[in-house]
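Notes follow the structure.
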Number of protein chains: 2
Amino acid sequence: MSPKTQQQFQELREQKKMQILNAALKVIANHGYNGATISMIAREAGISKGLLYSYYESKEQLLEALISFGMEKAAAFMEDPDAGKPHSKESFAAMLRKMIQMVMQESDFWRMYTTLLLQPNMSGKIQPQAQKFVEQYLGIYIAYFQKKGSRNPMAEAMLFGAVLDGLMFDLMVAPDQYPLEEVLEMIVEKFA
Amino acid sequence: MSPKTQQQFQELREQKKMQILNAALKVIANHGYNGATISMIAREAGISKGLLYSYYESKEQLLEALISFGMEKAAAFMEDPDAGKPHSKESFAAMLRKMIQMVMQESDFWRMYTTLLLQPNMSGKIQPQAQKFVEQYLGIYIAYFQKKGSRNPMAEAMLFGAVLDGLMFDLMVAPDQYPLEEVLEMIVEKFA
DNA sequence: TATCTTTGACTGAACGGTTGGTCAAAGATA
DNA sequence: TATCTTTGACCAACCGTTCAGTCAAAGATA
């Protein structure tokens, strides 16, 4: 059959696929989709250009894989019972912290995500999955503000969404020297 | 001497320069700097590729002109006494509205601005002017929250900055169907 | 008025360099 | 040996940029 078992090859390929994905994410996040070249990505992944095409059939498909992978991670985070549905001031603060942590841990992905959403000719690639994600966490917070007795739960949830988006943006642009703790306290004070 | 007076030429050139600038802004905002080609920009401006180079010496310099022009507009807005330094709940709401209006009116510019800031290899082009702008309006709001007796004026101003950034982002991504009025009311309720 | 001259805006073919993508050949392993 | 991985030279297409040449408009001349 083959010099290595099918399973051995499968595992090796899966591993290398991840290696390429991570390299692509880093390069595309820093240079934009059009600014990132296949050569740059291959170099970052430590492989040749040709090999990349044995794992992903085109640059566009590589981007799609990148988006799917990142959004699946985000969806998994949302479904984590450990982080879901805040009921008290404390769990609100905990979920807020977890969310920030997720964004900062995967900051390359979220930078790419943001950039893609802002470019109409690219946004189609990410819009559907993004919309689903936003609706999901919006629903959670509408429920929270409803339970809290907000005068307008939907508006408060959307404003809180804007806070998260803005905080995410500010942290991505200037990750150092941001007084995160003090701002988080202020958010809890105003929203929790 | 000359077939047209120097002044006539000057005016014509100034006019066409604007025409190119607007075309470039539209194309670059929608496709990103690297995704936008000189051909696309020239086509959008209704001129030939060659002519563009008699007005701007390179694609990079065109981008710089775009940034300068947009940031000067923004700076002019900040210095407008009509919009400066909120002292009361009402003037806070008025300035908030004016700011949103500016961003939506120049949404192409702010989309480009955001995208550039998020890409490290591009951010150098806009970072200095952006920083100056942010510091300026941050100062205004630190003073406002100080006067209001906030427990932590700096943190509250930064949080308010995040609100503006997030709201701006949400409006750029989904300009229609955003419940702006209700969210603005909520902002005034929480911050003014 | 009719003709000539001068000007600079304007065009698009062409250039060198880079891109995404292909492929024949070499390498590695059991 | 048989099979899959890996390489990098290679290609057509496209990029930003240049430049030789065209053109309409307006002053100058008689």
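Just a few scattered comments:
- Pairwise label distance in nanometres, B:GLN127 with A:ASN22, each label 7 Å out on the Cα-Cβ vector: 2.6 nm
- Kyte-Doolittle mean at least -0.5, axial Cα span of 18 Å or more - DSSP H helices of chain B: B:59-79, B:89-105, B:127-147, B:153-173
- Carbon plus sulfur fraction of accessible area for chain A, probe 1.4 Å, in percent: 51 percent
- For A:GLU64, the point set 7 Å out from Cα toward Cβ sits 4.1 nm from its twins in the other copies, listed from shortest up.
- Sum of side-chain charges, A:MET40 neighbourhood, beta-carbon under 15 Å (Lys, Arg +1; Asp, Glu -1): +2
- With K and R counted +1 and D and E -1, the other residues having a Cβ less than 11 Å from that of A:HIS87 yield a net charge of +3.
- Qualifying GluC sites (Glu not before Pro) in the stretch A:42-129, DSSP loop, other Cβ atoms within 10 Å at most 15: A:GLU57
- Distances between equivalent label points of B:PRO128 across the copies, with each point positioned 7 Å along Cα→Cβ, amount to 4.5 nm, shortest listed first.
- Compactness of the stretch A:70-130 as Cα Rg over 2.2 N^0.38 Å, two decimals: 1.29
- The Cα trace of the protein assembly as shown gives Rg and Dmax of 23.5, 87 Å, the first to one decimal, the second as a whole number.
- The stretch A:7-132: relative contact order in percent, alpha carbon pairs under 8 Å with at least 6 residues between: 25 percent
- Residue-averaged [θ]222 nm for chain B, counting only DSSP H segments that reach four residues, each worth -39500 (n - 2.57): -25500 deg cm²/dmol
- Pairwise burial A:B, computed as accessible area of each alone minus the pair, summed, 1.4 Å, Å²: 3700 Å²
- Förster-model FRET efficiency, 25 Å R0, B:LYS98 and A:LYS190, C-beta, rounded to 0.05: 0.60
- Distance histogram in 10 Å bins (all Cα pairs of the stretch A:151-190, percent per bin): 27, 51, 19, 3
- Once the Cα gyration tensor of the stretch A:48-192 is diagonalised, semi-axes √(5λ) in Å: 31, 17, 14
- Cβ-based net charge around B:LYS17, under 13 Å, with every Lys or Arg adding one and every Asp or Glu removing one: -1
- Label spacing, shortest first and in nm, from B:GLN101 to its equivalents in the remaining copies (7 angstrom along Cα→Cβ): 4.4
- At least 10 Å² of accessible area lost relative to the chain alone, listed for the stretch A:134-156 with a 1.4 Å probe: A:ARG151, A:ASN152, A:MET154, A:ALA155, A:GLU156
- Calculated accessible area for chain A comes out at 50 Å² per residue, all protein chains present (probe 1.4 Å; ligands, DNA, RNA ignored).
- All alpha carbon pair distances within the stretch A:1-130 were sorted into 10 Å bins beginning at 0; the resulting P(r) in whole percents reads 11, 35, 30, 17, 6, 1, 0.
- Modelled spin labels at A:GLN61 and A:MET78, positioned 7 Å past Cα toward Cβ, are 2.8 nm from each other.
The values are calculated or read from the model by the stated rules, or taken from the named source; none is laboratory data. On a predicted model such as this, the values are computed, not experimentally measured, just so you know. Virtual Cβ from ideal backbone geometry, glycine too; neighbours counted across all protein chains shown. The area values use the complete protein model at the heavy-atom level, side chains included, leaving out ligands, DNA and RNA. Shrake-Rupley method; radii C 1.70, N 1.55, O 1.52, S 1.80 Å.
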